[in-house]
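The values are calculated or read from the model by the stated rules, or taken from the named source; none is laboratory data. Here the structure is a predicted model, which is why all the values come from computation and not from measurement. Cβ: placed from backbone, ideal geometry, glycine included. Neighbour counts: every protein chain shown. Surface areas here come from the heavy atoms of the whole protein model, side chains and all, with no ligands, DNA or RNA. Shrake-Rupley method; radii C 1.70, N 1.55, O 1.52, S 1.80 Å.
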Amino acid sequence: QVQLVESGGGLVQPGGSLRLSCAASGIIFSIYNMAWYRQTPGKQRELVGGMASGGSTNYADSVKGRFTISRNNAKNTVYLQMISLKPEDTAVYFCNVKVSARTYWGQGTQVTVSS
């Protein structure tokens, strides 16, 4: 059974930093592309960025230069390092993996950027 568990969210002031983690189980983690999404109330979930199994990354324009995705295959974990956070980054952040045409999501972790 595939399971994704996010952690690391919280309240941070504008300009601050946070690192989110997503621990995966039930899959051979190293062979899958992983992605981070975020969602605010009343809006569709949007892609933040992703990291392929080979290590290449892509990011939404709104977070380029501020967010960095990395992974530790030995720990079955993908990370989202966020710096220079803005109030508009406030959202629930989810990690995502597609396995055999099925998409799996974690429960999400809340990030609130506010003074």
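With all protein chains in place and a 1.4 Å probe, the accessible surface of segment 1-64 carries 48 percent carbon and sulfur. Counted by Cβ distance under 11 Å from Asp89, the other residues give a net charge of +2, where Lys and Arg count +1 and Asp and Glu count -1. Note on segment 3-86: with charges restricted to the Cβ of Lys and Arg (+1) and Asp and Glu (-1), its dipole about the Cα centre is near 120 debye. The C-alpha atoms of the chain occupy a region whose extents along the principal axes are 41, 27, 23 Å, arranged from largest to smallest. Annotation: per residue accessible area for the chain equals 53 Å², rounded to a whole number [probe 1.4 Å, protein chains only].
Applying the Karplus relation 6.51 cos²θ - 1.76 cosθ + 1.60 with θ = phi - 60° to segment 59-69 yields 3J(HN,Hα) values of 9, 5, 4, 5, 10, 4, x, 10, 10, 9, 9 Hz, where x marks Gly and Pro.
The phi torsions of segment 96-110, fed into the Karplus equation with coefficients 6.51, -1.76 and 1.60 and a -60° offset, translate into couplings of 8, 9, 10, 10, 6, 6, 10, 9, 10, 10, x, 7, x, 9, 7 Hz, rounded to whole numbers, with Gly and Pro shown as x.
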